[in-house]
1. Given the conditions (1) within 21 Å of the chain's Cα centre (by Cα); (2) within 12 Å of the ligand (Cβ to nearest atom), report the number of the one that E95 does not fulfil.
2. Of everything in region 247-277, what is more than 26 Å from D77 (Cα to Cα) and open to solvent by 70 Å² or more (accessible area, probe 1.4 Å)? Give them in sequence order.
3. Could you list, in sequence order, all residues of region 7-66 that are away from the ligand (no atom under 14 Å from the Cβ), modelled with pLDDT of 95 or more and assigned to a loop (DSSP other than H, G, I, E, B)?
4. Report, ordered by the first and then the second residue, all pairs with beta carbons closer than 9 Å, sequence separation of six or more or different chains, a first member in region 306-323 that is assigned to a loop (DSSP other than H, G, I, E, B), and a second member that is of a type in the set (S, T, N, Q) and open to solvent by 50 Å² or more (accessible area, probe 1.4 Å).
5. Given I213, I171, which one is farther than 30 Å from W281 by Cα, part of a strand (DSSP E or B) and touching a strand residue (DSSP E or B) at 6+ places or on another chain (Cβ under 8 Å)?
6. Identify all residues within region 195-217 that are within 16 Å of the ligand (Cβ to nearest atom), among the polar types (S, T, N, Q) and open to solvent by 10 Å² or more (accessible area, probe 1.4 Å); write none if there are none.
7. Within region 95-124, count every residue that is touching a Ser or Thr at 6+ places or on another chain (Cβ under 8 Å), closer than 23 Å to W84 by Cα and buried (at least 20 other Cβ atoms within 10 Å of the Cβ).
8. Quick check on A127: is it more than 28 Å from M518 (Cα to Cα), touching a helix residue (DSSP H, G or I) at 6+ places or on another chain (Cβ under 7 Å) and either assigned to a loop (DSSP other than H, G, I, E, B) or within 16 Å of the ligand (Cβ to nearest atom) (or both)?
Amino acid sequence: MVAARESQAASGTAQQVDVAVVGAGFAGLYLLHRLRKAGFKAIALDEAGDVGGTWYWNRYPGARCDIQTIDYSYTFDPDLETAWTWSEKYATQPEILRYLGFVADRYDLRRDIRFKTKVTEAKWDEATERWQLTTDNGAPVSCRHYIMATGCLSAPKPPEIDGVKDFKGKIYFTGRWPHDGVNLAGKRVAVIGTGSSAIQSIPLIAEQAAHLIVFQRTPNFALPAHNGPAPADRMSLLQGDRAAYREQARQSMAGVPYPQQTVVSWQLSDAERRERFERAWAAGDLVHILTQLWADQAVDVDGNKIVQDLIREKIRAAVNDPETAAALTPHDHPFGAKRPCLDTNYYATYNRPNVTLVNLRQEPIKAITASGISTNGRSFDLDVIVFATGFDAMTGAIRAVHPITGRGGRSLSDVWAQGPQTYLGLTVEGFPNFFMITGPGSPSVLSNMAVSIEQHVDWVVDRLAALRDAGFNTIEPTETAQAAWGRHMADCSMLTLHRLANTWYTGANVPGKVQGLMPYTGGVGPYRSICDEVVSRGMLGFRLT
Ligand code: FAD
């Protein structure tokens, strides 16, 4: 395979495959496995040096999943499920990376993956009805179908602060953490950002650093992880009837097998609400607290405010200094409208004498200088700056392949100039045989992504096999179907509270990005039914040739 590629590169000829997959994370690995089984000649290409995607890149201290690992796993092969045992309720990044390596070995996937190979451009050739992919390493690729499994959280956001290049100390990004680790012992460290990666890493950085200064623009709700072994009650449900447990996840709203709540907040007394909340808080389960308190918590501002107030009480109790506690307390968004974080000692870390919180709402950063960071009130001398500033989510990695040129020479960035337009979050009109896994317009980041990835991959591979067997060469959504999906997305977004927060779900974290809620808020189970109905109604909304 490698020798054949080298000779192709030398002769400038393209590597010919049926399907090219970009990305070798959770999605790319499963795609490769399914495509092969369906009889397609397929390859995957990844900029990374090995498999893992998110879990290859995010090696910062404390990196873990925040969906319980028994749920955040592949479910397509019952033998795989029993061949692997997770050691913790929320596995660490190294363990998840080992798991994905184990999957790659088990299905012998690496032989068809080109690592350290970035796809830089993609062009649909109308004459041959094939995509031509340009790479930064080795032969270009010619493929009938082009699938972007490039990840929703894989394009780190560049720093927006002047003077980064002047800083004489070390700069690290949580999303590109060095593989051999970083020794922060005795160092003066700044962390910029208080999103999920920051909330996971701050307690561990504080234990090592001489002094840690956290620069916070917007506080986030953080809930206790209470990590440990997988909870006995969840394990016994899984082991009692694995197939039913997995099926319930597939039909659920968030991709985790919890029932739909039917009792609304005002049907409960104060004491009953508090009892439910304390039980959820003690469970240390993001999805439990996001979905199981009362039925109106995610759709009604009053039902939501009760949850917010209960969490605010917890923050006040955990942080000794009232001013710091107030700065750490979110007031600008409904609970759940922005992804909440799971914490292990996060709030308590602010009680340490070597940790300082700088509230950028009151004291904005003026510049990064050679020696540190200056705000409009103070200067901080630093050895290390850690950017935990998140990602250009959902569209960043797709748009980074530039241009992606579809029919009639139209580029995807032009078509998406006013925000992403898709049919089902999977396909785009004018871009035949082009698919996105967990693309904008699908439940994606509002779900357990392992479940959403499997659903997308199964749907795409089943369609490709059916088209091939029926003698079709191309598949593309109609303009009407795409516009209708956009309207349905907008309608659904009016039902939840996500529209009331400026977040990375809406593109608000990236300067200049067009604003709009990108994930589908209708839920994982309903979305799955829609995708299945499209098939059962003769590929409704698609043009096949
Ligand atoms: P990724 O894992 O992001 O893989 C995409 C791959 O594509 C990357 O390796 C990248 O290098 C490659 N790529 C992108 N563009 C190109 C290009 N042009 N050329 C070549 N290669 C390219 N989700 C959950 O459901 N539960 C969790 O608990 C959870 N925790 C998370 C914690 C962190 C710190 C982060 C960052 C994300 C987390 N997520 C979680 C979301 C996570 O991204 C998904 O669950 C999942 O790993 C995505 O898999 P993927 O294969 O779609 O994309």
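The values are calculated or read from the model by the stated rules, or taken from the named source; none is laboratory data. Owing to the predicted nature of the structure, the values given are computational and were not obtained by experimental measurement. Quick reminder, even Gly has a Cβ in these numbers, built from the backbone with ideal geometry, and neighbours come from all protein chains shown. Side chains are part of the model used for accessible areas, which takes the heavy atoms of the whole protein and leaves out ligands, DNA and RNA. Shrake-Rupley method; radii C 1.70, N 1.55, O 1.52, S 1.80 Å.
1. (2)
2. Start the filter on region 247-277 by keeping residues that are more than 26 Å from D77 (Cα to Cα), which leaves 260-277.
Once the filter is applied, which keeps residues that are more than 26 Å from D77 (Cα to Cα) and open to solvent by 70 Å² or more (accessible area, probe 1.4 Å), region 247-277 yields Q260, T262, W266, Q267, D270, A271, E272, R274, E275.
3. Going residue by residue through region 7-66, those that are away from the ligand (no atom under 14 Å from the Cβ) are 7-19, 35-42.
Those left that are additionally modelled with pLDDT of 95 or more: 14-19, 35-42.
Result: A14, A38, G39, F40, K41.
4. Filtered contacts from region 306-323: V319/N351; N320/N351; D321/N351.
5. Numbers: I213 fails: farther than 30 Å from W281 by Cα.
Answer to the selection: I171.
6. Residues of region 195-217 within 16 Å of the ligand (Cβ to nearest atom): 195-205.
Filter once more, so that each one left must be among the polar types (S, T, N, Q): 196-197, 200-201.
The answer is S196, S197, Q200.
7. Here is the first cut: in region 95-124, the residues touching a Ser or Thr at 6+ places or on another chain (Cβ under 8 Å) are 95-96, 99, 114, 117-124.
Adding the requirement that they be closer than 23 Å to W84 by Cα leaves 95-96, 99.
Next cut, buried (at least 20 other Cβ atoms within 10 Å of the Cβ) only: 96, 99.
Of the residues in region 95-124, 2 are touching a Ser or Thr at 6+ places or on another chain (Cβ under 8 Å), closer than 23 Å to W84 by Cα and buried (at least 20 other Cβ atoms within 10 Å of the Cβ).
8. Against the criterion (more than 28 Å from M518 (Cα to Cα), touching a helix residue (DSSP H, G or I) at 6+ places or on another chain (Cβ under 7 Å) and either assigned to a loop (DSSP other than H, G, I, E, B) or within 16 Å of the ligand (Cβ to nearest atom) (or both)), A127 does not qualify.
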